[in-house]
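> For reference, the structure I am asking about is given below.
The values are calculated or read from the model by the stated rules, or taken from the named source; none is laboratory data. Remember, it's a predicted structure, so these values are computed and weren't measured experimentally. Please note: Cβ atoms are built from the backbone with ideal geometry, for glycine as well, and neighbour counts cover all protein chains shown.
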Amino acid sequence: MYAEGHGTIKNYTKAIKWYKKSAQQGDSDAQFNLGVMYAEGRGTTKNYTQAVKWYKKSAQQGNSDAQSNLGIMYVYGHGVPQDYNEAFKWFSRSAKQGDFTAMSNLGVAYQNGQGVAKDPNKALELLQKSADAGDVVGMSNLGMNYKYGHGVRQDYEKALKWLTKAGLQGDSDAQYVLGTMYYEGKGVERNYQKAAEWFIKSAEQGDIDSQFNLGTMYYEGQGVEKDYFKALTLFTKPAYQSNANAQINLGLMYAKGKGVHKDNIEAYKWFLLAEMNGKDASAYKKLLEMVLKPAEIKKAQTRAKTFLQNEKKQ
């Protein structure tokens, strides 16, 4: 897991023209902030190519934040071809200046052998240093390593410690994993209420896995009061991002009329979409085909086709 970048701009709409002026005059901080605005689509249309352009100008002047974010762009291939060697180079430059997020991402590079030979000991050293400094990305990455036993002996107690620190600082990935730990009772006593609390924090930040899990908990009444409408709302978000399990659940809710008016055509549509995303929904479809007319099935197919067309436009 890599960081998603970091920025400091607050008033994007009004600030962008002033940052552009300063950036064009060579101000490295303005160049960095302009890169953030393009990367996040704040005050302008999201444009990774422009983000890379301004990050690079700033990074070449030694701006550690820009170097760190530029490394991230190379990791994900945003605005540039994916290049782990370039990512490693920029993370290294930033980390040498004391940027702990870059240090954490450098640790991930050593862990995965991306742009450098695998070195679990070096990875752990960098992640530990970043986490000890209070960097949320470092704490999250270190916690994940202990949770899954990546490069270290699996240790749920240490995982819980570091993930909790990261989760309390708003890291959505850490919040999601904490939710699963409390839900499954791994490394901690099973507690559905605490699981729901962490899933809520992560879901509010847009994490689709947390949204799905939280939807399930509202559907079943685990750790929260049973609420079919909330479950439906939460399943809808990941379903629109091609999550097949969420699409199956939506189909079932429409078929049963739970949290929404019963609509077999809409249910069939979601089952069709789930199958397109690799989930076997044939049994559910057969049940609906016993009550749906051919014209209604065709209508569901049209809805699914329209959904996919709209999805491609986004």
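> Against the condition in contact with a Gly (Cβ under 7 Å, 6 or more places away or on another chain) and not hydroxyl-bearing (Ser, Thr, Tyr), how does residue 212 come out, does it pass?
no
> Next question. I need the helices (runs of 4 or more DSSP H) fully contained in the stretch 143-221, keeping only those with at least 2 residues that are within 24 Å of residue 246 (Cβ to Cβ) and in contact with a helix residue (DSSP H, G or I) (Cβ under 9 Å, 6 or more places away or on another chain).
In the stretch 143-221, the matching helices (runs of 4 or more DSSP H) lie at 172-184, 192-203, 208-220.
> May I pose another question? If I filter the stretch 52-62 down to residues being out of contact with any Lys or Arg (no Cβ under 9 Å at 6 or more places or on another chain) and not in a helix (DSSP H, G or I), which single residue comes out as nearest to residue 92 (Cα to Cα)?
60
> Is it true that residue 224 is under 30 Å from residue 121 (Cα atoms), hydrophobic (A, V, I, L, M, F, W, C) and buried (at least 17 other Cβ atoms within 10 Å of the Cβ)?
No: the conditions fail for residue 224.
> Mind checking which residues of the stretch 71-84 are under 20 Å from residue 96 (Cβ atoms), touching a residue at least 24 places away in the same chain (Cβ under 8 Å) and crowded, with 19+ Cβ neighbours inside 10 Å?
Matches in the stretch 71-84: 71, 72, 73, 75.
> Among the residues of the stretch 20-51, how many are over 19 Å from the mean Cα position of the chain (by Cα), at pLDDT below 95 and not in a helix (DSSP H, G or I)?
Of the residues in that region, 3 qualify.
> Regarding the stretch 268-279, can at least one residue be identified that is within 23 Å of residue 238 (Cα to Cα), basic (Lys, Arg), at pLDDT 95 or above and in the same structural domain as residue 240 (by TED's automatic domain parsing)?
Yes, some residue in the stretch 268-279 is within 23 Å of residue 238 (Cα to Cα), basic (Lys, Arg), at pLDDT 95 or above and in the same structural domain as residue 240 (by TED's automatic domain parsing).
> Output the number of residues of the stretch 222-252 satisfying the condition of being assigned to a loop (DSSP other than H, G, I, E, B) and among the hydrophobic types (A, V, I, L, M, F, W, C).
Within the stretch 222-252, residues that are assigned to a loop (DSSP other than H, G, I, E, B) and among the hydrophobic types (A, V, I, L, M, F, W, C) number 1.
> Of all residues in the stretch 267-284, which are of a type outside the set (A, V, I, L, M), within 28 Å of the chain's Cα centre (by Cα) and either buried (at least 19 other Cβ atoms within 10 Å of the Cβ) or closer than 13 Å to residue 229 by Cβ (or both)?
269, 270, 271 - these are the residues of the stretch 267-284 that are of a type outside the set (A, V, I, L, M), within 28 Å of the chain's Cα centre (by Cα) and either buried (at least 19 other Cβ atoms within 10 Å of the Cβ) or closer than 13 Å to residue 229 by Cβ (or both).
> Here's a check for you: in the stretch 144-186, which residue that is acidic (Asp, Glu) and surrounded by fewer than 19 Cβ atoms within 10 Å (Cβ to Cβ) is farthest from residue 217 (Cα to Cα)?
It comes out as 155.
> Report, ordered by the first and then the second residue, all pairs with beta carbons closer than 9 Å, sequence separation of six or more or different chains, a first member in the stretch 267-279 that is more than 13 Å from residue 243 (Cα to Cα), and a second member that is of a type in the set (Asp, Glu) and not in a loop (DSSP other than H, G, I, E, B).
Partner pairs satisfying both residue conditions: 268/289; 268/296.
> Then there's this: Just give me the residues in the stretch 227-253 being without any contact (Cβ under 8 Å) to a residue 40 or more places away in the chain and polar (S, T, N, Q), in sequence order.
If the condition is that a residue be without any contact (Cβ under 8 Å) to a residue 40 or more places away in the chain and polar (S, T, N, Q), then 233, 236, 241, 243, 245, 247, 249 are the ones that fit.
> Could I ask something else about it? Consider only pairs whose beta carbons are under 6 Å apart and that are at least six residues apart or on different chains; among these, list those whose first residue lies in the stretch 42-57 and is surrounded by fewer than 16 Cβ atoms within 10 Å (Cβ to Cβ) and whose second residue is of a type outside the set (Val, Ile, Thr) and outside any helix (DSSP H, G or I).
49/79
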